[in-house]
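Only one structure is covered here, and it is reproduced in the block below.
The values are calculated or read from the model by the stated rules, or taken from the named source; none is laboratory data. Computed from a prediction, not measured in an experiment: that's the story for all the values here. With ideal geometry, Cβ positions are generated from the backbone for all residues, glycine too; neighbour counts draw on all protein chains shown. The area values use the complete protein model at the heavy-atom level, side chains included, leaving out ligands, DNA and RNA. Shrake-Rupley method; radii C 1.70, N 1.55, O 1.52, S 1.80 Å.
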Amino acid sequence: MELAEILKFIRVNTEWLYTVLYQNKYFFFDYWSLVHFFSGFFIPVILSNLRIRRIYLITFLLLVLYEVVEIYLIYIAFNIFKPETIKDQITDILVGLSGLFLNFRLGKYIFNSRNEIKYSSYFPAIVTSLTISFFWVGFYQYRYNYDFLNSSGLNFWAFGCWSVSILIICISFSHFKDKFSNKLKFYPIFYLFYLTSLLTVEFVGYKILGIKEIAHINSDSLIFNLIHGTTTLHIYYLLAPFIAILINKIIFTLWQNYLTSFELNEIKLKNKILRTVSISD
């Protein structure tokens, strides 16, 4: 694939991110703003796992650097990103910093909370469900035959359904896997339960409620005249539980390591205080 084709593919499949959510004289919010928020939240987690120091300062610099690179790519006419105004770029940085602030406050709260294990295990599942659903639904661009189920840029109905579904997959997988002594039996049973649930939901939606996805003219059914969509949709639906479980495992591990860094910083602070007291004595 040539560079021009790659750039065109990126531009076409990110067009939905430019859908305006809100703007006034000073601020401009679109779906890219949510990407910046997530970046500001999760970059420190990744940096912490890489054992990099000054993670919050580096995250701030990366958020600013991204805007500089974006302007540069527009300037040299790569045509990947749409031109932005100064208020767009300022808003992107502020939204990214909001994610960074939430990261620090939430991490400290969970670390200091008595419910640390409960929150720290559920939180990655929530992040996984929202992240996968956001990018999948945005990429596929669902549109239904009922207008009230449609929304510009990101289809809220499909996003909500997939967010709940993936959250259930992650939580139920974590809850039930340890109850099976034979893991070879658990995985096919778990996948069969997923397929049964998927077909049941599709049957109710398509056959009973008459909800049909109409955005893709090359749609076809996957099985039993259900799950209508493109080949890409069929592949995603069949692999969704594996994708969710894998990404949830990665995020869970990164998040746990990040919480551990709070404990290490606390130990370092206590040791520094003790050394200071010892010297003064």
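Near Asp220, the amide H atoms lying under 5 Å from its own belong to Gly229, Thr230; only residues 5 or more places off or on other chains count, and H is placed 1.01 Å from N. Other residues with beta-carbon under 15 Å from the beta-carbon of Gly229 carry, at +1 per Lys or Arg and -1 per Asp or Glu, a net charge of -1.
Averaged per residue, the range 143-216 has 64 square angstrom of accessible surface, using a 1.4 angstrom probe with ligands and nucleic acids left out. For the range 48-65, backbone phi angles converted through the Karplus equation (6.51, -1.76, 1.60; θ = phi - 60°) give residue-by-residue couplings of 4, 5, 8, 6, 8, 7, 6, 5, 6, 5, 5, 4, 4, 5, 5, 5, 6, 4 Hz, Gly and Pro being listed as x. Put a plus charge on the Cβ of each Lys and Arg, a minus charge on the Cβ of each Asp and Glu, and nothing anywhere else: the dipole of the range 92-212 about its Cα centre is then about 400 debye. The listed peptides 94-102, 36-44, ordered by packing as a protection proxy, come out as 36-44, 94-102 (highest mean of other Cβ atoms within 10 Å first). Relative contact order of the range 129-250: 28 percent, from C-alpha pairs under 8 Å at least 6 residues apart in sequence.
Highest average first, the peptides 219-231, 244-256 ordered by how many other beta carbon atoms sit within 10 Å of their residues are 244-256, 219-231. Considering only Thr200, Gly160, Gly138, whose Cα is most displaced toward the positive end of the charge dipole of the range 126-211, charges sitting on Cβ of Lys, Arg (+1) and Asp, Glu (-1)? Projecting each Cα onto the dipole axis, the largest value belongs to Thr200.
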